[in-house]
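Structure, as structure tokens:
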Amino acid sequence: MPLVKINDVNICYEIYGEGAPVVMVEGYSAKKENWIAQIKPLSQHFKIIVLDNRGTGKSDRPDYPYTMDMFADDIDGLMEFLKIEKAHIIGKSLGGMIVQSFALKYPHRINKIVLINTTGTLPVNPEEGIKMLVDGYIEYYHASLDDPARTFFKKSVQEFDRKFRKKMEEDPKHIFYGLFSAEDLIRESTIDITTPRDLKNQASAFVEFNALDKLHNIKNSTLILCAEKDRLLPVMMSEKIHEKLPNSVLKVIKGAGHNSNLEKAPEVNQSIVDFLKN
């Protein structure tokens, strides 16, 4: 897997397919492999660039607090290295916050935007919520070292709709949509694990994040996908983004949780293809 040094940090990335470039940015603690349900289908239409954010996967994990600007600068540096002047850009959860920050800082780099299950701001005093998030993920980290499968299904309560979670538990080998199984997701959760130190450094970017009042400056066509049963970042957070973005379309993915890009992969993928090709 190729690495490129950007801002003194090695960023790991991979490229799939040909056509218009699409940069995909994952969320908190997540690796580029978490796009397992998107890479193959979308790369049939576009040149897909996935990356490990600093602090995840095979990218470097410098030990200091990260900011949204740092994440945005990493994307800009990667595009510069790849000689990509403009690209469509997709971000999920924390990745969606990074994409908003990137769009505000580097508007000339973007064609269209897709935001998945994200938010434009956090509560007025987010420190307590962020601490709970970090502590929870650290607990999952330690538990996964002993029993990754049990930990995966425990964590999945927050990330998937109950019906989909039940299907995964009943048959972990079942391949959903010809793309992935629960076993695949569990196996990936044991590789290049995001450590407690990394979790704390990434979470620092949440503290000052507030793009909501600046979103009117983003003129790019934007598709906002949100999940009806998202417990982490509910639909109303995407609705607020939609209200502020002048050229946005909002679509609610029914019967899905925070990982709607996995459990409703065909619908999410078709929505993205239709939007980017329109």
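Evaluate segment 167-175: report whether one residue or more is touching a residue at least 12 places away in the same chain (Cβ under 8 Å), assigned to a loop (DSSP other than H, G, I, E, B) and acidic (Asp, Glu). Looking through segment 167-175, none of the residues is touching a residue at least 12 places away in the same chain (Cβ under 8 Å), assigned to a loop (DSSP other than H, G, I, E, B) and acidic (Asp, Glu). Counting only strands (runs of 3 or more DSSP E) that fall entirely inside segment 1-109 and contain at least 1 residues that are over 25 Å from SER260 (Cβ atoms) and in contact (Cβ under 8 Å) with a residue 40 or more places away in the chain, the qualifying elements are 3-6, 9-16. Taking residues in segment 227-247 that are under 13 Å from LEU115 (Cα atoms) and among the hydrophobic types (A, V, I, L, M, F, W, C), and partners anywhere that are surrounded by fewer than 18 Cβ atoms within 10 Å (Cβ to Cβ) and modelled with pLDDT of 95 or more, the pairs with Cβ atoms closer than 7 Å and at least 6 places apart or on different chains are VAL235/GLU228; VAL235/VAL252.
Within segment 125-165, the set of residues being over 20 Å from ILE175 (Cα atoms) and touching a His at 6+ places or on another chain (Cβ under 8 Å) comprises GLN158 only.
Across segment 59-72, the number of residues qualifying as of a type outside the set (Phe, Trp, Tyr) and crowded, with 19+ Cβ neighbours inside 10 Å comes to 5.
Is it the case, given these coordinates, that LYS240 is touching a strand residue (DSSP E or B) at 6+ places or on another chain (Cβ under 9 Å), basic (Lys, Arg) and modelled with pLDDT of 95 or more? Yes; evaluated as a whole, the condition is true for this residue. Of the residues ILE193, ILE186, the single one that is farther than 26 Å from LEU115 by Cβ and part of a loop (DSSP other than H, G, I, E, B) is ILE193. Among the residues examined, PHE164 does not qualify as crowded, with 17+ Cβ neighbours inside 10 Å, in contact with a Leu (Cβ under 7 Å, 6 or more places away or on another chain) and in a helix (DSSP H, G or I). Here ARG61 fulfils each of the conditions (1) more than 22 Å from LYS86 (Cα to Cα); (2) touching a strand residue (DSSP E or B) at 6+ places or on another chain (Cβ under 6 Å) apart from (2). Annotation note: Cβ proximity below 9 Å between a residue of segment 210-226 that is farther than 15 Å from SER101 by Cβ and at pLDDT below 95 and a residue that is surrounded by fewer than 19 Cβ atoms within 10 Å (Cβ to Cβ) and not small (Gly, Ala, Ser) (sequence gap 6+ or interchain) occurs for no pair.
Of the residues making up segment 213-226, one or more are crowded, with 18+ Cβ neighbours inside 10 Å, hydrophobic (A, V, I, L, M, F, W, C) and assigned to a helix (DSSP H, G or I). For segment 7-21, taking the residues that are within 23 Å of SER43 (Cβ to Cβ) and over 19 Å from the mean Cα position of the chain (by Cα), the one that is surrounded by the most Cβ atoms within 10 Å (Cβ to Cβ) is identified as GLY17. May I ask you to say which residue of VAL4, VAL50, VAL25 is surrounded by fewer than 22 Cβ atoms within 10 Å (Cβ to Cβ), hydrophobic (A, V, I, L, M, F, W, C) and at pLDDT 95 or above? Result of the check over VAL4, VAL50, VAL25: VAL4. Being surrounded by 12 or more Cβ atoms within 10 Å (Cβ to Cβ), of a type outside the set (S, T, N, Q) and either closer than 21 Å to THR56 by Cα or under 21 Å from the mean Cα position of the chain (by Cα) (or both) is the requirement here; does LEU145 meet it? Taking the combined requirement at face value, the residue does not satisfy it. If you go through segment 237-251 and pick out every residue that is closer than 18 Å to LEU276 by Cα and surrounded by fewer than 17 Cβ atoms within 10 Å (Cβ to Cβ), you end up with 4.
The values are calculated or read from the model by the stated rules, or taken from the named source; none is laboratory data. Given the structure is predicted, the values throughout are model-derived calculations rather than measurements. Cβ coordinates were reconstructed from backbone atoms using ideal geometry, including for glycine residues, and neighbour counts include every protein chain displayed.
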